[in-house]
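Chemist: Please find one structure pasted underneath; my questions will follow.
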Amino acid sequence: MKLYNSLTRKVEDFSPLNTETVTMYTCGPTVYDYAHVGNFRTYALSDFINRVLLFNGNRVKFIMNLTDVGHMTGDNLGDADTGEDRMEKSVVKEGRTAIEIANFYAQKFIQDYDKMNFIHPEKFTRATEYIEEQVRLVKILEEKGFTYTTSDGVYFDTSKFESYGQLSGYTTDNVMEGARVEINPEKKHPTDFALWKFSPINVKRSQEWASPWGTGFPGWHLECSAMSLAELGNTLDIHVGGEDLRMTHHQNEIAQSESATGKKFVRYWVHGAHMMVDGGRMGKSLGNAYTITDIEKKGFDPMVLRYFFMTSQYRSKLNFTWDALQSAQNALRRLYELARGYKREESAKASKDYIKKFGDKINDDLNMPEALAVVWEMIKSELEEPEKLATLLKMDSVLGLRIEEHLAYDTPQKVLDVAKMRSEYRKAGIWDKADVARKQILEMGYEVEDLPDGKFKIKRKM
Ligand code: AMP
Ligand code: ZN
């Protein structure tokens with residue numbers, strides 16, 4: 001498999017350190033609010049990498065974290081140590097405890113994650129469940145002389161880490177140019193970052209822990225190092241995140257992990273380009289940070305979003321518009337319909353030629369748009385129907401579009417009953433009851449299409 005490595009800024013041949021199993025870590029969401037479709041583009045990236053590796057016959061040990069403490073709002077302005085803690089902010093806004101908030105949004109996130117048909121990691125690790133590991137990491141860094149203490153926390157001295165800036169391009173010298181926030185005057189260098197932050201004097205935070213340096217909470221960058229070192233060892237193969245994380249979060253993960261272990265932290269850094277909306281930034285304040293529920297409310301199955309993600313390679317910007325989603329829906333519906341129409345034979349084999357062609361595209365730094373083109377080329381080819389279906393199902397192990405579930409099915413009796421009742425109401429002109437029945441059918445996952453003469457057709461909703 002070829003992957004673009006942000007560390008070397010080159011497309012490289014990927015091979016795992018340990019031939020048995022590929023280790024992969026993806027920076028997960030901060031569970032203080034709903035994740036939006038942009039976030040899901042990044043999680044789709046790690047899902048595609050995972051699926052391509054499995055397609056190639058690798059074993060994958062995959063970990064994703066859930067940030068439930070220490071992610072400051074200042075991160076949006078370029079300094080992750082300033083501003084308010086997102087979790088604490090939600091505690092005030094929602095009047096619930098931090099644990100309640102984290103549990104609620106973590107559960108919502110995993111529900112959406114399942115709707116997108118993303119393969120689960122071995123664990124969703126939570127920052128608050130790895131406090132001991134994080135404290136231990138700071139102790140090691142302190143013993144090795146990489147830290148200093150200010151009035152508000154324990155900081156990592158980036159000037160002591162020689163290759164600081166290799167990933168981000170920012171060093172202690174040139175970072176000032178890009179800085180948009182007032183620099184904490186106690187920091188020795190603008191790139192230095194908090195490992196442990198103290199609870200403010202006379203303030204009882206809803207989340208705080210005792211530590212050798214004082215009561216407080218871990219810095220955001222620390223959790224990913226502590227959890228990936230604990231779960232995947234000192235050197236992992238692939239680390240995934242959105243492009244915004246390259247500049248500070250990931251650069252800081254490298255600095256603290258490598259200073260502590262003396263080993264290379266990550267072999268391949270993979271960063272996904274952000275998704276835009278209507279050509280602009282996606283943001284809560286702009287009202288365009290759509291959630292999976294928002295797109296479902298507009299009548300789109302999450303699989304349509306998944307198909308839409310594949311229409312662009314992950315390093316290119318992708319622009320979300322409702323029209324573009326509609327086109328993806330048209331294409332996907334066509335695919336399901338064709339698949340449903342194919343004759344199935346259990347003995348049929350996938351076409352070696354098309355699987356090879358498809359495999360070449362997905363292995364070429366995840367060229368999903370061209371992989372999709374191979375899917376359509378195969379569909380239009382001269383292959384026999386059972387072969388086409390077998391090929392499509394094999395490809396779907398990577399596409400993840402749940403094609404199998406959309407093949408021939410029996411409509412449940414309950415759905416048929418309600419549909420017949422609806423038809424009677426319509427004949428009698430009782431439109432409100434007919435409408436209620438239509439909604440009931442939708443809730444059961446089906447759609448009813450009216451045909452002439454009071455007849456109807458039932459389809460599985462998508
Ligand atoms: P956060 O919850 O803000 O920490 O973000 C979780 C993940 O989503 C990170 O990997 C971000 O880089 C990524 N992300 C945030 N906004 C977008 C976007 N518009 N498009 C793609 N990925 C995004
Ligand atoms: Zn992270």
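Chemist: Return a yes/no flag: does region 194-205 have any residue that is more than 20 Å from P121 (Cα to Cα), crowded, with 18+ Cβ neighbours inside 10 Å and small (G, A, S).
Modeler: Yes, region 194-205 contains a residue that is more than 20 Å from P121 (Cα to Cα), crowded, with 18+ Cβ neighbours inside 10 Å and small (G, A, S).
Chemist: In region 318-337, how many residues are open to solvent by less than 60 Å² (accessible area, probe 1.4 Å) and free of Cβ contacts under 8 Å to residues at least 40 places away in the same chain?
Modeler: 4
Chemist: Residues in region 299-317 that are touching a helix residue (DSSP H, G or I) at 6+ places or on another chain (Cβ under 7 Å), outside any helix (DSSP H, G or I) and either open to solvent by 10 Å² or more (accessible area, probe 1.4 Å) or not aliphatic (A, V, I, L, M) (or both): how many?
Modeler: 5
Chemist: Could you list all residues from region 15-40 that are more than 16 Å from ligand 2 (Cβ to nearest atom) and open to solvent by 20 Å² or more (accessible area, probe 1.4 Å)?
Modeler: If the condition is that a residue be more than 16 Å from ligand 2 (Cβ to nearest atom) and open to solvent by 20 Å² or more (accessible area, probe 1.4 Å), then S15, P16, L17, N18, T19, E20, T21, D33, Y34, H36 are the ones that fit.
Chemist: If the requirement is being free of Cβ contacts under 8 Å to residues at least 24 places away in the same chain and more than 16 Å from ligand 1 (Cβ to nearest atom), which of these qualifies: D353, D364?
Modeler: D353
Chemist: Can you tell me which residues in region 424-443 are among the aliphatic types (A, V, I, L, M) and either at pLDDT below 90 or open to solvent by less than 60 Å² (accessible area, probe 1.4 Å) (or both)?
Modeler: Selection gives A428, A434, A437, I441, L442.
Chemist: Within region 1-32, count every residue that is of a type outside the set (S, T, Y), outside any strand (DSSP E or B) and touching a helix residue (DSSP H, G or I) at 6+ places or on another chain (Cβ under 7 Å).
Modeler: 4
One line per residue, one yes/no per condition, for (1) within 16 Å of ligand 2 (Cβ to nearest atom); (2) at pLDDT 95 or above; (3) polar (S, T, N, Q); (4) under 30 Å from G145 (Cα atoms):
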{"position": "H239", "(1), (2), (3), (4)": "yes, yes, no, yes"}
{"position": "Q256", "(1), (2), (3), (4)": "yes, yes, yes, yes"}
{"position": "F265", "(1), (2), (3), (4)": "yes, yes, no, yes"}
{"position": "M275", "(1), (2), (3), (4)": "no, yes, no, no"}
{"position": "G280", "(1), (2), (3), (4)": "no, no, no, no"}
{"position": "V304", "(1), (2), (3), (4)": "no, yes, no, no"}
{"position": "F309", "(1), (2), (3), (4)": "no, yes, no, no"}
{"position": "D323", "(1), (2), (3), (4)": "no, yes, no, no"}
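Chemist: Can you work out which of the residues in region 206-232 that are open to solvent by 30 Å² or more (accessible area, probe 1.4 Å) and away from ligand 2 (no atom under 16 Å from the Cβ) is modelled with the lowest pLDDT?
Modeler: Result: S206.
Chemist: Considering only region 1-32, how many residues are near ligand 1 (Cβ under 8 Å from one of its atoms) and either closer than 19 Å to I292 by Cα or in the same structural domain as I362 (by TED's automatic domain parsing) (or both)?
Modeler: Counting residues in region 1-32 that are near ligand 1 (Cβ under 8 Å from one of its atoms) and either closer than 19 Å to I292 by Cα or in the same structural domain as I362 (by TED's automatic domain parsing) (or both) gives 3.
Chemist: Among the residues of region 261-288, how many are open to solvent by less than 10 Å² (accessible area, probe 1.4 Å) and either more than 10 Å from ligand 1 (Cβ to nearest atom) or in a helix (DSSP H, G or I) (or both)?
Modeler: 4
Chemist: If you take the residues of region 53-83 that are within 13 Å of ligand 2 (Cβ to nearest atom) and modelled with pLDDT of 95 or more, which of them is nearest to A106 (Cα to Cα)?
Modeler: L66
Chemist: Is it true that G299 is modelled with pLDDT under 95 and within 16 Å of ligand 1 (Cβ to nearest atom)?
Modeler: no
Chemist: Collect the residues in region 216-252 that are of a type in the set (D, E, K, R) and within 10 Å of ligand 1 (Cβ to nearest atom), keeping them in residue-number order.
Modeler: Scanning region 216-252 gives E243, D244, R246.
Chemist: If I filter region 70-83 for residues that are open to solvent by 10 Å² or more (accessible area, probe 1.4 Å), of a type in the set (D, E), closer than 29 Å to M368 by Cα and in contact (Cβ under 8 Å) with a residue 24 or more places away in the chain, do I get at least one hit?
Modeler: No: region 70-83 contains no residue that is open to solvent by 10 Å² or more (accessible area, probe 1.4 Å), of a type in the set (D, E), closer than 29 Å to M368 by Cα and in contact (Cβ under 8 Å) with a residue 24 or more places away in the chain.
Chemist: Which residue pairs have Cβ atoms closer than 7 Å, lie 6 or more positions apart in sequence or on different chains, and pair a first residue in region 211-232 that is closer than 16 Å to F193 by Cα and part of a helix (DSSP H, G or I) with a second residue that is within 13 Å of ligand 2 (Cβ to nearest atom) and basic (K, R)?
Modeler: none
The values are calculated or read from the model by the stated rules, or taken from the named source; none is laboratory data. For clarity, every value in this text was computed on a predicted model and none was experimentally measured. With ideal geometry, Cβ positions are generated from the backbone for all residues, glycine too; neighbour counts draw on all protein chains shown. Side chains are part of the model used for accessible areas, which takes the heavy atoms of the whole protein and leaves out ligands, DNA and RNA. Shrake-Rupley method; radii C 1.70, N 1.55, O 1.52, S 1.80 Å.
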